[in-house]
2 protein chains.
Amino acid sequence: MTVVLGWDIGGANIKLTVIRCRGYAVSDVKIFAEYFPVWKRGREKLPYKLKSMVERVGSTRPDLAAITMTAELSDVYFSKREGVNHIIDSVEKAMPTLDLRFLDVHGRLLTPDEARKHPLEVAAANWYASGWLASKLSDTCLLVDTGSTSTSIVPVVEGKVAAKGLNDLEKLMAGELVYTGALRTNVAAIVSHVPVRGVSTPVSSEFFAQSGDIHLLLGHITAEDYTVDTPDGRGVSMVEAAARVARVVCADLDLLSMEEVKTIASYVYEAQLGQILEALKRLTNSLKVDLKTSPAYVAGVGGEFIAGKALKMFGFKDVKPLSRFIGSEAAKATPSYALALMAAEFLKGRELRNWRLS
Amino acid sequence: MTVVLGWDIGGANIKLTVIRCRGYAVSDVKIFAEYFPVWKRGREKLPYKLKSMVERVGSTRPDLAAITMTAELSDVYFSKREGVNHIIDSVEKAMPTLDLRFLDVHGRLLTPDEARKHPLEVAAANWYASGWLASKLSDTCLLVDTGSTSTSIVPVVEGKVAAKGLNDLEKLMAGELVYTGALRTNVAAIVSHVPVRGVSTPVSSEFFAQSGDIHLLLGHITAEDYTVDTPDGRGVSMVEAAARVARVVCADLDLLSMEEVKTIASYVYEAQLGQILEALKRLTNSLKVDLKTSPAYVAGVGGEFIAGKALKMFGFKDVKPLSRFIGSEAAKATPSYALALMAAEFLKGRELRNWRLS
């Protein structure tokens, strides 16, 4: 029995995939996800949070832990360099006896010492794992992963991850990263105006409502899917979400009806789709192949109603949820699952069987 | 000796003006301002904060305290109704023995009982006091007050406050309220893209940098003027502000130079001016008089470099800082100063002398 961990340490969410193999076949997959906003809980708590998640894995000692991260962007760190180093330290503190490997933007699995030498190449490499997974499904394809906070778009061309950007800044420029997500995006960062009684009305710049409120109101997610803190600390009922959305135009449910609030929500949703469409345009403009005729895989909590919808609007013909191939739990934690699989193959020295659902 | 208090209880800042009169002449003016973000400190702390500010006034017992508020919009309250009632309660708790009056959007000074009956008319009436003050300077004019968080635009026509919107929602629609300010506005709520090396780059939707960072970098404010919390809890040096602004495009000072960060800052500033210009267009489109030929008074911490600059760009010929008439302290707390003066006149039953600096 071989046990491998795949970690995706984000600034707001930490995801852990545990893959068990018998011989060259995957025999078991478990996914753990925890909401851990490092800027609220504090960077000093990170090692303990990681440790408590390892403990949930159970008694078998893992043979390898592979790690990717995006938490270094959090402003609890002055720079990515400082963030990457602190995250490496935290991982070592949490898993002192394990063999550790850090993914870099070229798809290599670096030792902690190597990773410390190249912090900017270890920063935000999680998209590589997702692209690598997609390349196992189709030689040429697109992977779009819309998580709670951001959307990652990874082109795969002829079996290779073909991303242009090798850091978050380059990815924003290339249309490979869009800071819009299904749960935690500030509505005021999605739209500058919303329609109210036919008038295009400027919004408040405060953090009054987030995308989770929009998708709850529109029926895209359930209260159970709303796995992040609300902006006001209140609950995730329709009325509470509607009150938050009303506040975006400095109103409340005395001033706006539920219908009027839903009109605002629909508009914000369209704007999110517009953000993804803009990125797809940037990305495909600079690619030599026309990806629209290739498969597009969608993943993440907003995979279907944000990524999938936008891809179809853009003209992609063959849009498939990644969950159909790896299950819905793994599809919500794609980089973590993909990295665990990558690490297992790295350990075994060859491709594994049974990693697909079907 | 008559002593009057003018309170402006905002969600992020509380301002208190104390006016002392001898006979019918203002003999002394004192301004107190405290940063009190109610959503961070907690609504239950509000009465104690108000009480501690009253204690700073000194030994003379005030004859009247007039109050205006915008804190009811904070999401520590479910609705404005709830917020107004809690603020009235807090004021009564903090000043149990004083005669209290609450400003409403029609310019009336209501007793606490009357205010409780009309919570939506007491909500966000502070602009009325500012407009009333401007009307004492010019029969027909415009008052633009750019504070830390938002900008209030109040037209005065033939001696009367001529605002169309009577609540924040209507004011957003009418161009009388713009949620952009000189210190605390999330950069991601001002711009969706910024230029980086000639590429229009989408920004992160997180709260990474605020307008105070922009204006510090551009030399519009000093570190002393930066009187609000920073987004990352770090200091207000140029380097710390630049690191915050770099993070808006997911970068840091390893990836972007100071010059590149300043290019971003200039762009964000232009966008803020654009927000004010849009509001001026909305507002003047619906007015019958051409205000451009009348005086425009600017106030607030961003009065000159945001409000004043935008007014000149829009075509206003006669733009004057309000500080020239009431002093710079009062001009940074215009609604509070104006309300204190309004209350003093209400108490005396006639116009007072000596309220102008010159």
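The values are calculated or read from the model by the stated rules, or taken from the named source; none is laboratory data. Only a predicted model underlies this, so the values are computations on that prediction, with no experimental measurement involved. Backbone-built Cβ (ideal geometry, glycine too); neighbour counts: all protein chains shown. For the accessible areas, the whole protein counts, side chains as well, though only heavy atoms, and no ligand, DNA or RNA atoms are used. Shrake-Rupley method; radii C 1.70, N 1.55, O 1.52, S 1.80 Å.
What's the average, rounded to a whole number, of partner chain beta-carbon atoms within 10 Å of each residue's beta-carbon in A:77-87?
Taking the mean over all residues of the peptide, I get 3.
Just to check I understand the Karplus step: with θ = phi - 60° and J = 6.51 cos²θ - 1.76 cosθ + 1.60, what whole-Hz values come out for the stretch A:167-181, glycine and proline as x?
With the stated coefficients, the stretch A:167-181 comes to 8, 4, 4, 4, 5, 4, 5, 8, x, 9, 9, 10, 7, 9, x Hz.
Run the label-point distances for B:Phe346 please: 7 Å along Cα to Cβ, every other copy, nanometres, shortest first.
List, nearest first: 7.0 nm.
What whole-number distance in Å separates the alpha-carbon centres of the stretch A:158-192 and the stretch B:70-141?
Here the two parts' Cα centres lie 44 Å apart.
How far, in nm to one decimal, is B:Gly159 from itself in the other copies if the label point is set 7 angstrom along Cα toward Cβ? Shortest first, please.
Between copies, matching label points for B:Gly159 lie 8.8 nm apart.
Along the three principal axes, how long is the stretch B:206-348 when you take its alpha carbons, biggest first, rounded to the nearest angstrom?
Taking max minus min along each principal axis of the Cα atoms, the stretch B:206-348 gives 60, 35, 25 Å.
Whole-Hz ³J(HN,Hα) for each residue in the stretch A:102-111, computed from phi via Karplus 6.51 cos²θ - 1.76 cosθ + 1.60 with θ = phi - 60°, x for glycine and proline: what do you get?
10, 6, 10, 6, 9, x, 8, 9, 8, 5
Quick one: which residues, 5+ away or cross-chain, put their amide H under 5 Å from the amide H of A:Gly165? H built at 1.01 Å from N.
none
log10 I(q)/I(0), Debye, Cα-only chain A, no solvent, q = 0.06, 0.13, 0.14 Å⁻¹?
At q = 0.06, 0.13, 0.14 Å⁻¹ the computed log10 ratios are -0.22, -1.00, -1.15.
Measure off, as a whole percent, the carbon and sulfur share of the 1.4 Å-probe accessible area of the stretch B:249-358, all protein chains present.
Carbon plus sulfur share of accessible area: 50 percent.
Assume the label is 7 Å from Cα along Cα to beta carbon: what separations in nm does B:Lys93 have to the matching positions in the other copies?
3.9
Once you keep just the Cα pairs under 8 angstrom separated by 6 or more residues, what percentage relative contact order results for the stretch B:1-159?
Reported relative contact order: 18 percent.
Calculate I(q)/I(0) for the stretch B:149-253 by the Debye formula, one identical point scatterer on each C-alpha and no solvent, and give its log10 at q = 0.14, 0.22, 0.24 Å⁻¹ to two decimals.
Taking Cα atoms of the stretch B:149-253 as identical point scatterers yields -0.64, -1.09, -1.20.
Report, in order of residue number, the helices in chain A meeting two criteria: a C-alpha extent of 20 Å or more along the helix axis, and a mean Kyte-Doolittle hydropathy of at least -0.5; treat each whole DSSP H run as one helix.
Span-like helices, by this rule, are A:258-285, A:334-348.
For chain A, what is the calculated [θ] at 222 nm in deg cm²/dmol (nearest 500), taking -39500 (n - 2.57) for each run of four or more DSSP H residues and dividing by its residue count?
-11000 deg cm²/dmol, from helical runs alone.
Can you tell me, using C-alpha contacts under 8 Å and at least 6 residues apart, the relative contact order of the stretch B:138-201 as a whole percent?
Relative CO of the stretch B:138-201 lands at 29 percent.
Would you look at the GNM of chain A, springs on alpha carbons closer than 10 Å, and say which of A:Ile276, A:Ile67, A:Ile190 moves the most?
A:Ile190
Could you give me the radius of gyration and the Dmax of the stretch A:259-327, taking only the C-alpha atoms into account and expressing both in angstrom?
According to the Cα coordinates of the stretch A:259-327, Rg and Dmax are 13.6, 45 Å.
Which of A:Lys40, A:Lys117, A:Lys164 moves most in a GNM of chain A, Cα contacts under 10 Å?
A:Lys40
Limiting things to C-alpha atoms, what are the Rg and the maximum Cα-Cα separation (Dmax) for the stretch B:42-118, in angstroms?
Just the Cα atoms of the stretch B:42-118 yield Rg and Dmax of 12.5, 37 Å.
For the stretch B:1-72, what is the percent of antiparallel DSSP beta bridges, rounded to the nearest 5?
Around 75 percent antiparallel, to the nearest 5.
For chain B, with a Gaussian network of springs between Cα atoms less than 10 Å apart, report the residue from B:Ser205, B:Ser328, B:Ser138 with the top mean-square fluctuation.
Maximum fluctuation in the GNM of chain B, among the listed residues, is at B:Ser205.
Work the Kirkwood hydrodynamic radius out for the stretch A:288-358: mean of 1/r over every pair of different alpha-carbon atoms, inverted, in Å.
Taking every pair of different Cα atoms in the stretch A:288-358, averaging 1/r and inverting gives 13.3 Å.
If you take every DSSP beta bridge fully contained in the protein assembly as shown, what fraction is antiparallel? Give it as a percent rounded to 5.
Close to 65 percent.
Can you check how the C-alpha radius of gyration of the protein assembly as shown compares to 2.2 N^0.38 Å, as a plain ratio?
1.04
At a 1.4 Å probe, which residues in the stretch A:235-282 are at least 50 Å² less accessible with all protein chains present than in their chain isolated?
A:Arg247, A:Cys250, A:Asp252, A:Asp254, A:Leu255, A:Arg282
What is the Cα centroid distance between the stretch A:249-311 and the stretch B:244-312, reported in whole angstrom?
A separation of 28 Å, based on Cα centres.
Mean separation of Cα pairs under 8 Å and 6+ residues apart, divided by the residue count of the stretch B:37-107: what relative contact order is that in percent? Intermediate results must be reported in sequence, preceding the final value.
On the way: 60 pairs, mean separation 29.8, N = 71.
About 42 percent, as a whole number.
With no solvent and one point on each alpha carbon, what is the Debye value of log10 I(q)/I(0) for the stretch B:31-175 at q = 0.20, 0.22 Å⁻¹?
For the stretch B:31-175, the Cα-only Debye profile gives -1.35, -1.48.
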